[in-house]
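Heads up: the structure comes next, in structure tokens.
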Amino acid sequence: MTTMTYRQALHDTLRAEMLRDENVLLLGEEIGVFEGSYKITAGLLAEFGEKRVRDTPIAEEGFTGAAIGAAMLGLRPVVEIMTINFSLLALDQIVNHAAKIYGMFGGQAKVPLVIRTPGGGGQQLGATHSQNIELYYAFVPGLKVVAPSTPADAKSLLIAAIRDDDPVLFLENLALYNTKGDVPEDDTPAEIGRAAVTRTGRDITLIGYSRMAHVAAQVADQLAASDGLDIEVIDLRSLRPLDRPTIIESVKKTHAAVIVEDDWLTYGIGAEIAATISDGAFDYLDAPVRRVAMAEVPLPYSKPLETAALPSVDDVINAVHQTLDAVGRRHQKVGHD
Amino acid sequence: MTNQVNAPRKAAGRSAAAKSVKSATAAPAKRAPRAKVTKRTPTEVAALTEIYRQMLLIRRFEERAARSYTQALIGGYCHLNLGEEAAVVGLLSALAPTDYLFTNYREHGYAINRGIDPNRVMAELYGRIDGVSKGWGGSMHMFDISHRLLGGYGIVGGQIPLATGAALAIDYRGGSEVVMCTMGDGTTNIGAFHESLNIAALWNLPIVYVIINNRLGMGTTVEKSSAEPELFRRGEAYRIESARVDGLDPLAVAEASAKAVTVARAGRPYLLEVVSERLRGHSVVDPAKYRTEAEIVQLREHDPVVTFGAKLVRERVIDADTMAAIEHEVTARIDEAAAFAEASPTPDVATLFDYTYATPVANDSRRLPGQPLFDPAPLPDPGEDQ
């Protein structure tokens with residue numbers, strides 16, 4: 001085990017995979033000479049040269065599509081899209097092409113492609129630079145979408161994504177790059193499609209991913225200390241496929257759930273999880289499933305407005321209390337019957 | 001740089017296009033004088049006859065596809081290469097078997113001419129298991145890895161970045177193959193076209209971009225959609241060598257294509273505009289009411305299969321008996337393709353989830369529309385936790 005930042009884990013993994021496999025190459029805006037907007041690719045141009053670390057023109061559709069085409073011929077490109085907001089410029093190539101090519105042609109061509117891109121708001125970046133729109137990709141069969149929350153998962157999921165023969169959208173988060181954690185030395189890939197129960201408990205299940213997995217864990221710690229609550233936390237890690245069995249198993253045990261997401265509530269990832277719980281654990285629920293999500297506005301620049309729109313630790317604590325109150329009322333009612 | 005900057009600016013009709021062909025290609029078009037008969041070697045005769053045979057094969061295939069479509073044997077959209085036969089045969093004649101081809105959704109003729117068994121192309125149209133894409137693609141999505149046809153693509157312009165990436169992969173590995181990427185005239189207004197040309201020129205990629213200019217989007221003319229209607233000139237913005245050629249003459253197209261492929265094989269992208277015709281509507285169901293009577297008359301005169309066949313007879317390359325024999329052979333071949341397609345089974349619905357992912361993945365959904373997400377759960381023990 002080595003303690004390192006999420007950024008370092010990504011950097012080291014990219015480098016190790018490039019050393020391991022000549023077919024791995026990096027493409028993206030400002031990833032070479034500038035060393036990446038968030039410095040994930042620092043030093044890699046100097047080490048591997050222009051052939052394998054390609055600064056692209058500002059042309060998301062063009063270079064993402066080119067990476068897909070190169071993948072069809074057996075290369076394993078890792079594309080960096082500076083933020084997930086800009087991925088919308090490549091939406092046609094990702095959704096209509098990367099996700100379709102394997103199936104649409106009857107399995108004749110694989111697309112072993114990774115698209116790394118960070119989400120994350122709350123840094124006064126304004127409406128266009130603060131979106132969490134991974135849902136757009138998680139909606140699409142043919143894509144895989146992973147969202148590591150820790151340096152260890154960043155490593156093991158990036159290894160899995162690069163070695164996978166399908167297009168993988170690899171969601172990072174601006175707020176996580178400097179977070180630290182233990183990272184194993186070995187290069188065992190994570191299993192895509194599996195969530196992690198990061199804390200076991202019996203009172204209620206908190207479900208989150210990426211940065212919100214940390215918020216969920218923080219709330220669990222805080223309420224354990226303040227209220228003696230025994231909270232289970234699920235870090236989804238994979239948004240497509242979604243690990244429904246792990247969610248259901250947990251809710252069957254705790255009988256209550258709060259979903260924590262920093263995308264918009266309506267039609268969001270949380271809506272899918274809530275529907276999953278309704279389908280798989282309806283009879284086990286003692287309270288309605290709550291979602292804590294962003295206010296449904298284009299995120300404003302001004303700090304007080306921005307803060308008001310984003311889900312906070314206190315919002316989650318309130319939702320947990322209200323849900324457990326509802327559980328208590330139900331138990332009282334059942335007791336009187 | 002050999003962009004043909006001296007070509008006339010007007011490009012409204014075929015005559016203007018033909019004029020610019022002359023100024024756009026340094027060498028005069030390969031055309032035998034009308035009255036005189038050139039003595040040809042048996043090899044030349046065989047080659048010319050084969051070109052005609054290939055053009056006719058595409059023609060009859062597409063006519064049969066149209067018929068099968070109206071008989072509801074083919075579903076979805078169905079865009080035909082009628083009028084594009086000379087362009088298809090000329091373009092692909094320059095490719096080696098190891099080169100790669102990307103096309104748009106009007107690609108049946110390209111598939112056949114690439115050497116794919118017409119039976120399998122027709123079976124794909126019929127949605128059958130023996131289709132080139134196993135019935136998963138249909139008319140717009142023909143793919144055959146063994147013939148290096150890397151797709152028919154239904155989204156206008158979608159194939160251009162992909163083809164550019166394929167060229168990148170070739171260059172990355174130091175290979176000698178080239179990529180040819182065809183598109184329609186309307187496609188040159190899409191961002192993906194410009195982004196791809198820019199990337200190909202920056203990285204010196206071995207790719208030939210081909211614009212099939214039939215002068216209509218669906219019904220919108222080039223002049224109404226492209227501020228520079230001489231589409232090959234768009235290469236100039238990216239310092240990509242480019243030319244325009246008469247797409248009704250298979251020999252002129254072959255020559256232009258050979259030059260383009262040579263440039264690409266030497267590591268520079270090339271942009272070739274092929275001025276073509278679309279003899280019918282945008283797709284089988286389009287009655288093309290936007291065509292004027294005069295245009296329709298002109299279209300018949302511009303039929304490349306008829307024109308080339310007549311030229312070969314006139315120049316005594318082939319005689320009427322040979323023409324009839326080719327017609328007979330081609331028709332029989334298409335009959336066989338249609339019979340094969342009809343006899344081929346439809347894919348087993350049990351394979352519905354086989355092609356979502358190449359690498360199997362945990363928790364992949366294999367739920368049919370009417371099925372619940374979970375099997376009905378046993379009710380919780382009423383005593384538990386209460």
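The values are calculated or read from the model by the stated rules, or taken from the named source; none is laboratory data. Here the structure is a predicted model, which is why all the values come from computation and not from measurement. We place every Cβ from the backbone using ideal geometry, glycine too, and count neighbours over all the protein chains shown.
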- Message: For the stretch B:150-169, give me each residue that is surrounded by fewer than 24 Cβ atoms within 10 Å (Cβ to Cβ) and hydrophobic (A, V, I, L, M, F, W, C).
- Response: B:I155, B:V156
- May I ask you to verify whether A:A138 is within 14 Å of another protein chain (Cβ to nearest Cβ) and either under 28 Å from B:I145 (Cα atoms) or not aliphatic (A, V, I, L, M) (or both)? no
- Query: Among the numbered criteria (1) more than 30 Å from A:D55 (Cβ to Cβ); (2) crowded, with 23+ Cβ neighbours inside 10 Å, which single criterion is violated by B:G235?
  - Reply: (1)
- Could you tell me which residue of the stretch A:288-303 is farthest from the other protein chains (Cβ to nearest Cβ), considering only residues that are among the aliphatic types (A, V, I, L, M) and assigned to a strand (DSSP E or B)? A:M294
- Mind listing just one residue for me: the one in the stretch B:264-305 that is in a helix (DSSP H, G or I) and either at positive phi or free of Cβ contacts under 8 Å to residues at least 24 places away in the same chain (or both) and, of those, surrounded by the most Cβ atoms within 10 Å (Cβ to Cβ)? B:E295
- Test B:L373 against the criterion of being aliphatic (A, V, I, L, M), assigned to a loop (DSSP other than H, G, I, E, B), over 30 Å from A:A98 (Cα atoms) and at pLDDT below 95, and give yes or no. no
- Message: Given the criteria surrounded by fewer than 22 Cβ atoms within 10 Å (Cβ to Cβ), within 14 Å of chain A (Cβ to nearest Cβ) and at pLDDT 95 or above, does B:T103 qualify?
- Response: no
- Can you name the residue in the stretch B:341-355 that is within 10 Å of B:G127 (Cα to Cα) and of a type outside the set (A, V, I, L, M, F, W, C) and is also surrounded by the most Cβ atoms within 10 Å (Cβ to Cβ) among such residues? B:S344
- Could you tell me which numbered condition B:L248 fails, if it satisfies all but one of (1) aliphatic (A, V, I, L, M); (2) in contact with a Phe, Trp or Tyr (Cβ under 9 Å, 6 or more places away or on another chain); (3) without any contact (Cβ under 8 Å) to a residue 24 or more places away in the chain? (3)
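Here is a yes/no grid of residues against (1) more than 12 Å from chain B (Cβ to nearest Cβ); (2) in a loop (DSSP other than H, G, I, E, B):
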site	(1), (2)
A:I247	no, no
A:S250	yes, no
A:I259	yes, no
A:T266	yes, yes
A:A271	yes, no
A:A275	no, no
A:D286	no, yes
- Message: Here are the criteria: (1) farther than 23 Å from B:D375 by Cα; (2) touching a residue at least 24 places away in the same chain (Cβ under 8 Å). Tell me which single one A:T254 does not satisfy.
- Response: (1)
- Item | helices (runs of 4 or more DSSP H) lying entirely in the stretch B:116-213 (those with 3 or more residues that are in contact (Cβ under 8 Å) with a residue 60 or more places away in the chain and at the interface with chain A (Cβ under 7 Å from one of its Cβ atoms)) | B:159-173
- Message: Condition (residue is within 20 Å of A:M18 (Cβ to Cβ), more than 8 Å from every other protein chain (Cβ to nearest Cβ) and more than 22 Å from the chain's Cα centre (by Cα)) applied to the stretch A:55-70: is it met by at least one residue?
- Response: yes
- Message: Quick check on the stretch A:97-110. Is at least one of its residues outside any helix (DSSP H, G or I) and under 21 Å from the mean Cα position of the chain (by Cα)?
- Response: yes
- Item | Tally of residues being of a type in the set (A, V, I, L, M, F, W, C) and under 30 Å from A:Q124 (Cα atoms) across the stretch A:275-303 | 6
- Query: Does B:A237 satisfy being within 30 Å of B:V45 (Cα to Cα) and either modelled with pLDDT of 95 or more or of a type in the set (D, E, K, R) (or both)?
  - Reply: no
- Residue, nearest to the other protein chains (Cβ to nearest Cβ), within the stretch A:82-103, restricted to residues that are buried (at least 19 other Cβ atoms within 10 Å of the Cβ) and β-branched (V, I, T): A:I101
- Item | Output for the stretch A:253-268, where each listed residue is aliphatic (A, V, I, L, M) and farther than 16 Å from A:N173 by Cα | A:A256, A:A257, A:V258, A:I259, A:L265
- Residues in the stretch A:204-213: is at least one surrounded by fewer than 17 Cβ atoms within 10 Å (Cβ to Cβ), touching a helix residue (DSSP H, G or I) at 6+ places or on another chain (Cβ under 7 Å) and among the charged types (D, E, K, R)? no
- Please tell me if A:A281 is more than 23 Å from the chain's Cα centre (by Cα), at pLDDT 95 or above, assigned by TED's automatic domain parsing to the domain that holds A:H255 and under 10 Å from A:V258 (Cβ atoms). no
- Item | Candidates A:V146, A:V79, filtered to the one that is within 15 Å of the chain's Cα centre (by Cα) and crowded, with 22+ Cβ neighbours inside 10 Å | A:V146
- Note on the structure: Checked B:S257, B:S242 against criteria (closer than 20 Å to B:S93 by Cα and either of a type in the set (K, R) or outside any helix (DSSP H, G or I) (or both)); the one match is B:S242
- Return only the number of the condition from (1) under 24 Å from A:A195 (Cα atoms); (2) in contact with a helix residue (DSSP H, G or I) (Cβ under 7 Å, 6 or more places away or on another chain); (3) among the hydroxyl-bearing types (S, T, Y); (4) surrounded by fewer than 17 Cβ atoms within 10 Å (Cβ to Cβ) that B:S365 does not satisfy. (2)
- Query: Of all residues in the stretch A:108-122 being of a type outside the set (D, E, K, R) and more than 10 Å from every other protein chain (Cβ to nearest Cβ), which is surrounded by the fewest Cβ atoms within 10 Å (Cβ to Cβ)?
  - Reply: A:G122
- Positions within the stretch B:213-259 being among the hydrophobic types (A, V, I, L, M, F, W, C) and closer than 19 Å to B:E195 by Cα, in sequence order: B:A227, B:L231, B:F232, B:A237, B:I240
- Kindly list, by first and then second residue, each pair from a residue in the stretch B:45-66 that is closer than 30 Å to B:P287 by Cβ to a residue that is of a type in the set (S, T, N, Q) and in a helix (DSSP H, G or I), limited to pairs with Cβ atoms under 7 Å and residues at least 6 apart or on different chains. B:Q54/B:N113; B:I58/B:N113; B:R60/B:T331
- Yes/no for B:V179 being modelled with pLDDT of 95 or more, aliphatic (A, V, I, L, M), within 30 Å of A:F48 (Cβ to Cβ) and crowded, with 24+ Cβ neighbours inside 10 Å: yes
- Query: In the list A:A42, A:A9, which residue meets the criterion of being among the small types (G, A, S), part of a helix (DSSP H, G or I) and touching a Gly at 6+ places or on another chain (Cβ under 9 Å)?
  - Reply: A:A9
